[in-house]
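The values are calculated or read from the model by the stated rules, or taken from the named source; none is laboratory data. Being a predicted model, the structure only gives us computed values, none of them experimental. FYI the Cβ positions are ideal-geometry reconstructions off the backbone, even for glycines, and counts take in every protein chain you see. Surface areas here come from the heavy atoms of the whole protein model, side chains and all, with no ligands, DNA or RNA. Shrake-Rupley method; radii C 1.70, N 1.55, O 1.52, S 1.80 Å.
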Amino acid sequence: MPGLSGRMSTVIKAKISKLLDRAEDPAETLEYSYQKQIELLQNVKKGIADVVTSKKRLQLQTQKLQDQVVKLDTQARQALAAGNEELARTALERKNVAQTELQSLDAQVAQLEQQQEQMADSEKKLRAKIEQFRSKKEVIKAQYSAAEAQVRISEAATGVGEEMADVGLAMQRALDKTENMKARADAVQELEAAGTFDDITALGPGEDDIDRQLKELSSTSEVDSDLAKMKAELGIGSAPPAGQLGAGAAAQTDPSQQTAPSEGQGQ
Amino acid sequence: MIVRISTEGQYELGESDVDALNELDNRAVAACDTKDEEQFRSVFNELLDFVRQHGSPVAEDRLEASAVILPPPDVSLEEAKAEFSGEGLIPG
């Protein structure tokens, strides 16, 4: 088939032949090209390390948020048991926000995991090609005249060059995505620094603004149903929306029957 | 013919696959031209699957340039426009 040539491959070939044209000594070209390949391989390794670092950071944040969810849930329960429904509602709103963040963090960690695997795979492929190039260059240097060597170098260099360009592209895309996630992680950290997920009982009177914002962020229906569920578990009456609860089925049938209220403490 | 899927790897396809590949390529160009994201996504995935199914992966230690380089699987329509335009990746 005549004239088969992708735009990208043409660009890569043009760049490489330009590079090769500049050098007069084939042996020198080979060494230079090989050096460049090794450099890129180092960069790929650094790129992978970057992705791993970002992943660890997100995992750390995930852990922290999980702790906060548990803490806020406990506090809501305590507040409710003490008859302070407003405080319980605030705690649940915060828990709701933390849970939403947690979900998006989980998705991001999974994405980074995939990215890391893909880059490790790219690194392996590039390493194999470079190794091949290295042995080829020794053969070319030993066996061919300058003119012939030039042609063979060009072939080999194009093969490696394409792989290098591709790894470069994969790395760029991975780093761009990681960059976006860093921004997101920073935002969560800011929320944390602002005390969003802090001890709810330590709230001062001046926190109205943050509370209002959180109320907007968290889904009211979810908070309502959480609250109803907790009431049912604690055996506190007037919780009509909590239709079906496996754990506290007995307490559900009659509100006046408030025996064994601490049964649902497990979760 | 060697075809590379960017960020994924090289595949060797037979000459008999060229026509089908070219046909998919032309459809990808058409979808890019009309800026039809859904249509592009579906044709491009078809194109990638065709290469993966009909091609065999090129050995890691083979130093050979590709005849065609396809954009990465997660390419956006915006990015793809530069590649899939006019004659497409495969002229004709």
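Of note:
- Odd one out for A:V188, checked against (1) touching an Asp or Glu at 6+ places or on another chain (Cβ under 8 Å); (2) surrounded by 13 or more Cβ atoms within 10 Å (Cβ to Cβ); (3) modelled with pLDDT of 80 or more: (3)
- Every test in (1) within 20 Å of A:R57 (Cβ to Cβ); (2) open to solvent by 70 Å² or more (accessible area, probe 1.4 Å); (3) modelled with pLDDT of 80 or more is passed by A:R127 save one, and that test is (1).
- Test: residue in region B:31-41 that is closer than 26 Å to A:G159 by Cα, surrounded by 15 or more Cβ atoms within 10 Å (Cβ to Cβ) and in contact (Cβ under 8 Å) with a residue 12 or more places away in the chain: no
- Sole residue being farther than 30 Å from A:Q37 by Cα, touching a Leu at 6+ places or on another chain (Cβ under 7 Å) and in a helix (DSSP H, G or I), chosen from B:V29, B:V18, B:V43: B:V43
- Scanning region B:62-89 for residues that are modelled with pLDDT of 80 or more and within 9 Å of chain A (Cβ to nearest Cβ) yields B:R62, B:L63, B:E64, B:A65, B:S66, B:A67, B:V68, B:I69, B:L70, B:P71, B:P72, B:D74.
- Filter result for A:E123 (within 23 Å of B:V75 (Cα to Cα) and in contact with a helix residue (DSSP H, G or I) (Cβ under 8 Å, 6 or more places away or on another chain)): yes
- Qualifying position, being touching a residue at least 60 places away in the same chain (Cβ under 8 Å), within 14 Å of chain B (Cβ to nearest Cβ) and crowded, with 22+ Cβ neighbours inside 10 Å, among A:S154, A:S122: A:S122
- Residue within region B:42-50 that is within 13 Å of chain A (Cβ to nearest Cβ), aromatic (F, W, Y) and open to solvent by less than 50 Å² (accessible area, probe 1.4 Å) present: no
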